[in-house]
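Trainee: Quick one: the structure is below, and I'll ask about it shortly.
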């Protein structure tokens, strides 16, 4: 049972410009405040895979599974050993307003009994992922409005993805 975390933001952009950005190889280098490096493994018409390395050194591969021009895509993300999370990126336009919605279905703790999983999800996972998604979407908006890459941790640090001094004791 995977519960999803959703964050939606109106972006002052045309669908075409937003799509051009989020469908470009390596675009996370420009918009993602917790991205140390993003590079494609394969970036062809019907085959898209890339690597995202977070500021704390965590390395995830993203494999795009459903690519729809000007509408969005789905992907699975994770390391090479553990289960992967599913993520949907969806572009919508209504009344000349363009919005981008990211939904994450995390694998974290999904095998726990419901009695434990739901409280952990609602108390820890959902708030942490909402903060993360908010920062990513604000980064996309920042880049579109200013034509400048976001700075590292621009919208605040994140416990899961930023680099903290105590990480050297964890690894």
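The values are calculated or read from the model by the stated rules, or taken from the named source; none is laboratory data. Since we're looking at a predicted model, the values are computed, not measured. Cβ placement follows ideal geometry from the backbone for every residue including glycine, while neighbour counts extend to all protein chains displayed.
Trainee: Mind counting the residues in the range 87-98 that are within 17 Å of the chain's Cα centre (by Cα) and buried (at least 17 other Cβ atoms within 10 Å of the Cβ)?
Mentor: The number of residues fulfilling the criteria is 4.
Trainee: Here's a follow-up. Need the failing condition index for residue 65 against (1) at pLDDT below 95; (2) in contact with a helix residue (DSSP H, G or I) (Cβ under 7 Å, 6 or more places away or on another chain); (3) part of a strand (DSSP E or B), just the number.
Mentor: The failed condition is (2).
Trainee: Testing residue 16 on (1) touching a strand residue (DSSP E or B) at 6+ places or on another chain (Cβ under 9 Å); (2) farther than 16 Å from residue 139 by Cβ, one condition comes back false. Which one is that?
Mentor: It fails just one condition, (1).
Trainee: In the range 94-109, what residues are in a strand (DSSP E or B) and at pLDDT 90 or above?
Mentor: The answer is 98, 99, 100, 101, 102, 103, 104, 105.
Trainee: Restricting the search to the range 110-127, which residues are surrounded by 13 or more Cβ atoms within 10 Å (Cβ to Cβ) and not in a helix (DSSP H, G or I)?
Mentor: Within the range 110-127, 110, 112 qualify.
Trainee: Suppose we filter 151, 163, 130, 86 for residues that are in contact (Cβ under 8 Å) with a residue 12 or more places away in the chain and assigned to a helix (DSSP H, G or I); which single one remains?
Mentor: Answer to the check: 130.
Trainee: Follow-up. Could you please let me know if residue 31 is surrounded by fewer than 16 Cβ atoms within 10 Å (Cβ to Cβ), in contact (Cβ under 8 Å) with a residue 12 or more places away in the chain, on the phi < 0 side of the Ramachandran plot and under 14 Å from the mean Cα position of the chain (by Cα)?
Mentor: no
Trainee: Out of (1) within 15 Å of the chain's Cα centre (by Cα); (2) surrounded by fewer than 19 Cβ atoms within 10 Å (Cβ to Cβ); (3) farther than 21 Å from residue 153 by Cβ, the odd one out for residue 106 is which?
Mentor: (2)
Trainee: Can you tell me which of 84, 36 is modelled with pLDDT of 95 or more and surrounded by 14 or more Cβ atoms within 10 Å (Cβ to Cβ)?
Mentor: 36
Trainee: Could we say that residue 156 is in contact (Cβ under 8 Å) with a residue 24 or more places away in the chain, over 17 Å from residue 4 (Cβ atoms) and either touching a strand residue (DSSP E or B) at 6+ places or on another chain (Cβ under 9 Å) or part of a helix (DSSP H, G or I) (or both) here?
Mentor: So residue 156 fails the test.
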